[in-house]
Amino acid sequence: MIQESFVDGACEPDEGSLNGVALRTFVSQRCGARGFSTGTATFRGGTELPYHWHECSEAISILRGTAIVIVERRAYHLNRLDCMHIPSGIPHLVRNASEDMELVAHWSFASAEPTRTFVDGPLSIEDRGSGSPSSRDPESLRRFAEAEVYELSKGAWFRDLFAKRFGSEGICGGYGRFSPASSLPCHTHHYDESITILSGDAICLVQGARYSIKGLHNAFVPQGKPHRFLNDGGSDMEMLWVYAGDEPDRNLIDAGYCSGSLVWPEQSR
């Protein structure tokens, strides 16, 4: 059975990281993930990840700093938690818009094997600034400030940032903000899930096991495992969640399956 796993967001960068850009993988086939992978790219001031494309769709969410994302020849300026989805085979570039401040971008691929193929860029750029793609463009962009806010449970406020209904393919994800002492009910998913803690202190309960995570730590929870996240601090806790599926789904179950007081059927086999 595939087990949950946890990665420190300050772990050593991947082999093949570029000068000025540190690539880190949180979830992939290495931990048993199916159908998706996640991680971060940390940019020093003024650096960029050159033009490249992927054999699967990608969602890029800005965690810290400001970015310029150029898709084919269309340039967009992204702020914290703005999210760009780029279909497979479409060349794009990510650049730190600041010469002085660090940029941290979260990436999600609709494949458990993250790869990049670098290519030459266009000769001219159309700067769309804080605008949005047109209906003819393959990319889709969700501005965080414009995303609908909904209360998934008391004190837990969510925004969906990428999903099939917004144009993404094979992955979906979004943002959650938990007020002190709030949590989601115990639940399972039909997909594997990746959760990155952006701020605050979180307790993660997975089928009777208890984990403390914070500060860009990432949790991988396999499909079908009972789990829940709780805010264990005195301030808001923020997370970015990603599923290996087109749209979010949550199947609510008895809290005892998360705490371990009840035995989940798979455990008794």
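Could you please put PHE144, PHE109 in sequence from largest to smallest accessible area, using a 1.4 Å probe?
In descending accessible area the options line up as PHE144, PHE109.
Computed from the mean reciprocal separation of all distinct C-alpha pairs, what Kirkwood hydrodynamic radius does the stretch 141-197 have, in Å?
12.7
I'd like the distance separating the alpha-carbon centroids of the stretch 187-210 and the stretch 99-134, in whole Å.
28
Measuring from centroid to centroid over Cα atoms, what is the spacing of the stretch 1-52 and the stretch 229-269 in Å?
The distance from the Cα centre of the stretch 1-52 to that of the stretch 229-269 comes to 24 Å.
Report the Cys residues of the chain lacking a disulfide-compatible partner, meaning no second Cys Cβ under 4.7 Å from their Cβ.
Lacking a cysteine Cβ partner under 4.7 Å: CYS11, CYS31, CYS56, CYS83, CYS172, CYS204.
Using a probe radius of 1.4 Å on heavy atoms only, what accessible surface per residue do you get for the chain? Whole Å² is fine.
Heavy-atom accessible area per residue stands at 43 Å².
Across the Cα atoms of the chain, what radius of gyration and what greatest pairwise Cα-Cα distance (Dmax) are found, in Å?
Gyration radius and largest Cα-Cα distance of the chain: 18.2, 62 Å.
Roughly what percent of Cα-Cα pairs across the stretch 160-255 reach past 20 Å?
That fraction is 33 percent.
Show me 162-168, 240-246 ranked by packing, highest mean number of other Cβ atoms within 10 Å first.
Result, highest mean first: 240-246, 162-168.
When N is the residue count of the stretch 1-156, what does its C-alpha Rg come to as a fraction of 2.2 N^0.38 Å?
1.06
Tell me which chymotrypsin sites (Phe, Trp or Tyr not before Pro) from the stretch 1-58 have a DSSP coil assignment and no more than 12 other beta carbons within 10 Å of their own.
none
Per 5 Å bin, what percent of the C-alpha pairs of the stretch 1-55 does each bin hold, from zero upward?
4, 16, 23, 24, 15, 10, 4, 1, 0
Hey, could you grab the Kirkwood Rh for the stretch 65-196? Inverse mean 1/r over distinct alpha carbon pairs, Å, one decimal.
Computed over the stretch 65-196, the radius equals 16.6 Å.
The values are calculated or read from the model by the stated rules, or taken from the named source; none is laboratory data. On a predicted model such as this, the values are computed, not experimentally measured, just so you know. Note that each Cβ is placed from the backbone with ideal geometry, even for glycine, and that neighbours are counted across all protein chains shown. With ligands, DNA and RNA removed, areas are computed over all heavy atoms of the protein, side chains included. Shrake-Rupley method; radii C 1.70, N 1.55, O 1.52, S 1.80 Å.
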